[in-house]
């Protein structure tokens, strides 16, 4: 018998309650077709009926506030998921001004749900690591009455075993990070993005009975093999309406095609966020060279348990294609690989869907060919989110990285009537400044299919989001697709001046000084999530500066000092900002020791002669997660030609596990003048502006970075020439 412990705090509901509820669920069965390679979650349900009662925040206007919170704990669970009641007026009801925030108390990752997204998630949350989550209700004053009812907690832990089908004496799969391939839950399969118009997914048909969530950027599992979920920003709810599946009718006839809703945290679709997808072959070949399988299979003997159900890949020879659209290949797979793409190594094209085991010395693992007629028919007739809206009109909107500050910004929009008329007066520009509410303005006709849109004047440094909406016979078309969540964004500035931009694939002038360090000093490496280290780098480039790159190595002794190159900021904008992502943990307090280890961040304007401390980070501030920090440098130092930054960390005395990491280091400022082409600043455009620009370019002065990409190239010359030709306002 297990228990769910709940602590509940509410400003306008139950106060200070403490409840115990019996664990009434059971472990989900792991049975599957004999050769189908799934790895379902071992999960159980804790049934209870926590009811917030009616909730509201009185008043008119004002900021968002937390008006109700409950901490939910399932002792012994490795992960949890919250299920909310959908029983109409007696269930969870979120008016427009109210939303939920669910936060893991282990890694502090959060998900936000509103009235629309909770329906998309079928009244469940994302998967959260750890055994406790904090559920909060956030509301703005005076705009509605809501309610939250939690039906049950879905929880699980442990190591899921799936059937092996290794095509030789050893499991030869290696870790991989293909952004196109997702882990499919709760069924325990693999799915992958394809090049249809909405960037939807393919998987095996037998994987779709309980497929509810696709997740990317999956961390390594624990040392015992228990899975670890990605952050909610990498989890996507499956659209049941989009699902087309035959349920799995055996080798050669086992397929599914589906889509997912935009992410609750980023507003992006999976395709937008991942930025990559598979191209489908017109048909599976009858003979081929090597075949690659990439997916989320389980692990057996000889393979690290941390690799269990994380992305791995292997290549092996193609065997055959049958007349029944079955394909086989001698490529290693295990349970959890069902649904993986079958990739022709020579071309990179997806030629089928992996579905079944069967490897031997004479046979291979098996799948369904991409030219299966029923699958092709489904692809030709998408549903739900996979089916883009019928467009009576097509809208073309230019995308701008920068817009001129302090004055309205006009641009041209094209609206073409395709299979219906443009509804008069329906063409509108929507814009929002610095994350505020969207406002609208009518587009002005310029004749034919041309319209003028005008963004309002913005202050230098503000960000403005924008999109265009119009209708044809009442049918709505929005550009870009997915707006407002995926609206275009532009920065109000005449230029971005980049002094430094490091993702730490190489040292790039950074140096390390180790003082009394026995092991684990700063070095470039790939984080692996082991024993307090980050599970991955921050910016997705793969590497970061870490304290000890070898697995299991933390900092011992110290300090270890990571020192930047010298930066010449004598001509940098006065608003230049330093930004970096940091990770810091130590287990002093958890081990019953004095909390004394720190990560110290300092900056100097005299080449390291003296240092100004920006922050001193302890374990609580680190929070066992990546945190991005931004500092206005002029608030702390003079912008000289001798600016340096350093990161100092110690485990001295060596009595704890201390891990630190730094990534995504940038120093940038904004030019806010109205005439960048006046490079010498004399108020006129002359040959001397060309000479001043050329000198800056030749000496590496980033003021010459006119296209704002962080490097000096021929495109900066072209951008300068274009602005010079346009003249000053």
(message) Go through (1) surrounded by fewer than 14 Cβ atoms within 10 Å (Cβ to Cβ); (2) in a loop (DSSP other than H, G, I, E, B); (3) within 30 Å of the chain's Cα centre (by Cα) for residue 419 and report which single condition fails.
(response) (3)
(request) Return yes or no: is residue 500 within 30 Å of residue 693 (Cα to Cα) and touching a residue at least 24 places away in the same chain (Cβ under 8 Å)? (result) yes
(message) Out of 611, 626, I need the residue that is under 18 Å from residue 545 (Cβ atoms) and surrounded by 14 or more Cβ atoms within 10 Å (Cβ to Cβ). Which one?
(response) 626
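Among 685, 670, which is the only one that is crowded, with 16+ Cβ neighbours inside 10 Å, more than 28 Å from residue 533 (Cα to Cα) and out of contact with any strand residue (DSSP E or B) (no Cβ under 8 Å at 6 or more places or on another chain)? Spell out how you get there, then give the answer.
Numbers: 670 fails: out of contact with any strand residue (DSSP E or B) (no Cβ under 8 Å at 6 or more places or on another chain).
Among 685, 670, only 685 is crowded, with 16+ Cβ neighbours inside 10 Å, more than 28 Å from residue 533 (Cα to Cα) and out of contact with any strand residue (DSSP E or B) (no Cβ under 8 Å at 6 or more places or on another chain).
Does residue 403 satisfy the condition of being within 19 Å of residue 482 (Cβ to Cβ) and either crowded, with 17+ Cβ neighbours inside 10 Å or outside the structural domain of residue 484 (by TED's automatic domain parsing) (or both)?
Numbers: within 19 Å of residue 482 (Cβ to Cβ): no; either crowded, with 17+ Cβ neighbours inside 10 Å or outside the structural domain of residue 484 (by TED's automatic domain parsing) (or both): yes.
So residue 403 fails the test.
Residues in region 289-299: is at least one touching a strand residue (DSSP E or B) at 6+ places or on another chain (Cβ under 6 Å), closer than 27 Å to residue 374 by Cβ, part of a loop (DSSP other than H, G, I, E, B) and modelled with pLDDT of 95 or more?
Yes.
Among the residues of region 300-310, is any surrounded by fewer than 24 Cβ atoms within 10 Å (Cβ to Cβ) and closer than 30 Å to residue 117 by Cβ?
Restricting attention to region 300-310, the residues satisfying the condition of being surrounded by fewer than 24 Cβ atoms within 10 Å (Cβ to Cβ) are 300-307, 310.
With closer than 30 Å to residue 117 by Cβ added as a condition, the list becomes 310.
There is at least one residue in region 300-310 that is surrounded by fewer than 24 Cβ atoms within 10 Å (Cβ to Cβ) and closer than 30 Å to residue 117 by Cβ.
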(request) Please work out which one of (1) closer than 17 Å to residue 521 by Cα; (2) within 23 Å of the chain's Cα centre (by Cα) is the condition residue 657 fails and give its number. (result) (2)
(request) Restricting attention to region 419-445, report how many residues are touching a residue at least 12 places away in the same chain (Cβ under 8 Å) and either farther than 20 Å from residue 477 by Cα or in the same structural domain as residue 632 (by TED's automatic domain parsing) (or both). (result) 3
(request) Look at residue 397 and say whether it is in contact (Cβ under 8 Å) with a residue 12 or more places away in the chain, outside the structural domain of residue 291 (by TED's automatic domain parsing) and loosely packed, with under 13 Cβ neighbours inside 10 Å. (result) no
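Scan 284, 240, 256 and give me the residue that is surrounded by 18 or more Cβ atoms within 10 Å (Cβ to Cβ) and either modelled with pLDDT of 95 or more or in contact with a helix residue (DSSP H, G or I) (Cβ under 9 Å, 6 or more places away or on another chain) (or both).
Only one candidate qualifies: 256.
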(request) Using the structure shown, decide if residue 336 is closer than 17 Å to residue 359 by Cβ, assigned by TED's automatic domain parsing to the domain that holds residue 202 and at pLDDT below 95. (result) yes
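Looking only at strands (runs of 3 or more DSSP E) that lie completely in region 468-534, which have at least 1 residues being within 20 Å of residue 550 (Cβ to Cβ), in the same structural domain as residue 431 (by TED's automatic domain parsing) and out of contact with any helix residue (DSSP H, G or I) (no Cβ under 6 Å at 6 or more places or on another chain)? Break it down stepwise before answering.
On the way: elements: 475-479, 488-492, 495-502, 511-514, 517-519, 522-525.
Because the criterion is at least 1 residues that are within 20 Å of residue 550 (Cβ to Cβ), in the same structural domain as residue 431 (by TED's automatic domain parsing) and out of contact with any helix residue (DSSP H, G or I) (no Cβ under 6 Å at 6 or more places or on another chain), no strands (runs of 3 or more DSSP E) in region 468-534 meet it.
Of all residues being over 13 Å from residue 395 (Cα atoms) and in a loop (DSSP other than H, G, I, E, B) in region 424-447, which is modelled with the lowest pLDDT? Just the residue, please. It would help to see each step written out before you state the result.
To start, the set of residues in region 424-447 that are over 13 Å from residue 395 (Cα atoms) comprises 424-425, 430-442, 444-447.
Then drop every residue that is not in a loop (DSSP other than H, G, I, E, B), which leaves 424-425, 434-438.
Values: 424: 92, 425: 93, 434: 88, 435: 83, 436: 88, 437: 90, 438: 93.
It comes out as 435.
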(request) Tell me, please, whether a residue that is modelled with pLDDT of 75 or more, more than 32 Å from the chain's Cα centre (by Cα) and assigned to a loop (DSSP other than H, G, I, E, B) can be found in region 46-53. (result) yes
(message) Looking at (1) touching a strand residue (DSSP E or B) at 6+ places or on another chain (Cβ under 8 Å); (2) part of a loop (DSSP other than H, G, I, E, B); (3) at pLDDT below 90; (4) over 30 Å from residue 460 (Cα atoms), which one does residue 552 not meet, given that it meets all the others?
(response) (1)
(request) Go through 638, 606, 632 for me and flag whichever is touching a residue at least 12 places away in the same chain (Cβ under 8 Å), under 23 Å from residue 491 (Cα atoms), loosely packed, with under 15 Cβ neighbours inside 10 Å and assigned by TED's automatic domain parsing to the domain that holds residue 552. (result) 632
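Report, by residue number, each residue of region 342-356 that is within 17 Å of residue 330 (Cβ to Cβ) and surrounded by 18 or more Cβ atoms within 10 Å (Cβ to Cβ). So that I can check it myself, show each step before the final result.
So the first thing to find is which residues in region 342-356 are within 17 Å of residue 330 (Cβ to Cβ), and the list is 342-346, 351-352, 354-356.
Passing the criteria: 342, 343, 344, 351, 352, 354, 355, 356.
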(request) Could you tell me whether residue 72 is within 27 Å of the chain's Cα centre (by Cα), over 23 Å from residue 261 (Cα atoms), crowded, with 23+ Cβ neighbours inside 10 Å and outside the structural domain of residue 624 (by TED's automatic domain parsing)? (result) yes
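Suppose we filter 538, 584 for residues that are surrounded by 14 or more Cβ atoms within 10 Å (Cβ to Cβ), under 30 Å from residue 310 (Cα atoms) and in contact with a helix residue (DSSP H, G or I) (Cβ under 6 Å, 6 or more places away or on another chain); which single one remains?
On the way: 538 fails: in contact with a helix residue (DSSP H, G or I) (Cβ under 6 Å, 6 or more places away or on another chain).
From the options 538, 584, the qualifying one is 584.
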(message) Looking for something out of contact with any helix residue (DSSP H, G or I) (no Cβ under 6 Å at 6 or more places or on another chain), in the same structural domain as residue 73 (by TED's automatic domain parsing), within 25 Å of residue 385 (Cα to Cα) and free of Cβ contacts under 8 Å to residues at least 60 places away in the same chain - is there at least one such residue anywhere in region 106-115?
(response) yes
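The values are calculated or read from the model by the stated rules, or taken from the named source; none is laboratory data. Note that the coordinates shown come from a computational prediction; the quantities given were computed from them, not determined experimentally. Virtual Cβ from ideal backbone geometry, glycine too; neighbours counted across all protein chains shown.
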